[in-house]
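Below is one structure; the comments refer to it alone.
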Amino acid sequence: MSKILDSLEAAEHGTASGYKAGCKSKGACPNRGSRVDLTCERAYRAYVHYRALFRLGPNIRITRAMLREAKGLKSWS
């Protein structure tokens, strides 16, 4: 198997580290269409944009509920 496929299989999907490991496609992430988890690309954007999520670390799986909460916290800051 190629190194790219190996790295994608080893990636923790729904995390910023999954994006950094190579899962950068919105449509090819296994979390695409999930009602709970974010894709790696969206998790990475949320991780770098919201301080509350950044503090959790890059290996934490970011859910839609966590993103909603982080957005709510930012509006009060």
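Numerical summary
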{"quantity": "Inter-residue pairs, beta-carbon under 7 Å, first free of Cβ contacts under 8 Å to residues at least 24 places away in the same chain and more than 16 Å from Lys26 (Cβ to Cβ) and in the stretch 39-52, second open to solvent by less than 30 Å² (accessible area, probe 1.4 Å) and assigned to a helix (DSSP H, G or I), 6+ apart", "calculated": "Ala52/Ala70"}
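Residue-wise test of (1) modelled with pLDDT of 90 or more; (2) basic (Lys, Arg); (3) open to solvent by 90 Å² or more (accessible area, probe 1.4 Å).
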{"position": "Ser17", "(1), (2), (3)": "yes, no, no"}
{"position": "Gly27", "(1), (2), (3)": "no, no, no"}
{"position": "Arg35", "(1), (2), (3)": "yes, yes, yes"}
{"position": "Glu41", "(1), (2), (3)": "yes, no, no"}
{"position": "Ala46", "(1), (2), (3)": "yes, no, no"}
{"position": "Leu53", "(1), (2), (3)": "yes, no, no"}
{"position": "Ala65", "(1), (2), (3)": "yes, no, no"}
{"position": "Lys71", "(1), (2), (3)": "yes, yes, yes"}
{"position": "Trp76", "(1), (2), (3)": "no, no, yes"}
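The values are calculated or read from the model by the stated rules, or taken from the named source; none is laboratory data. Just so you know, these numbers come straight off a predicted model, no measurement behind them. Counting neighbours? That spans all protein chains shown, and the Cβs are built from the backbone with ideal geometry, glycine included. Heavy atoms of the whole protein, side chains included, go into the accessibility calculation; ligands, DNA and RNA do not. Shrake-Rupley method; radii C 1.70, N 1.55, O 1.52, S 1.80 Å.
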